[in-house]
Amino acid sequence: MVTELAFLFDCDNTLIDNDAAKEEFGRRVEVTLGATGAAAFWSTYEAVRAERTVVDIPATISRFAAEYKESQESLRRVFFDFPFANFVYAEVPRVLQHARAMGSVAVLS
């Protein structure tokens, strides 16, 4: 019997500098919505996170937009145009390539 080796990688602060990405995302949300709007957005974010037990930005944007309709498209752009690749740790491609040479690789979030 042959057992295949598998590597499981989490994104947050393992492959991606999640803290820096969230800080930059927060800055962009504040530029887009202003301080009061950003505070309301983060309140919605925490409510969605508590209900779903995971971070769900698309669901947060949808819920937030139900009350602040004029902000929906601009928030979607902030998220979907966000440069996530800029926050990938420098060694990640090499580490993933090395792991792939030894077995299967799965990235979880």
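The values are calculated or read from the model by the stated rules, or taken from the named source; none is laboratory data. Here the structure is a predicted model, which means the values were calculated and not measured. Note that we place each Cβ from the backbone using ideal geometry, even for glycine, and neighbour counts take in every protein chain shown. Note: areas computed on protein heavy atoms with side chains; ligands, DNA, RNA excluded. Shrake-Rupley method; radii C 1.70, N 1.55, O 1.52, S 1.80 Å.
One residue stands out in region 41-72 among those that are within 19 Å of D12 (Cα to Cα), of a type in the set (S, T, Y) and in a helix (DSSP H, G or I): the one that is least open to solvent (accessible area, probe 1.4 Å), namely T60.
Being surrounded by 15 or more Cβ atoms within 10 Å (Cβ to Cβ) and either of a type outside the set (V, I, T) or assigned to a helix (DSSP H, G or I) (or both) holds for only one residue in A38, A20, and it is A38.
Based on what the data block shows, is A66 of a type outside the set (S, T, N, Q) and at pLDDT 95 or above? It is false that A66 is of a type outside the set (S, T, N, Q) and at pLDDT 95 or above. Evaluate region 35-50: report whether one residue or more is without any contact (Cβ under 8 Å) to a residue 40 or more places away in the chain and at positive phi. No: region 35-50 contains no residue that is without any contact (Cβ under 8 Å) to a residue 40 or more places away in the chain and at positive phi. For region 73-109, taking the residues that are under 29 Å from S62 (Cα atoms) and acidic (D, E), the one that is surrounded by the fewest Cβ atoms within 10 Å (Cβ to Cβ) is identified as D81.
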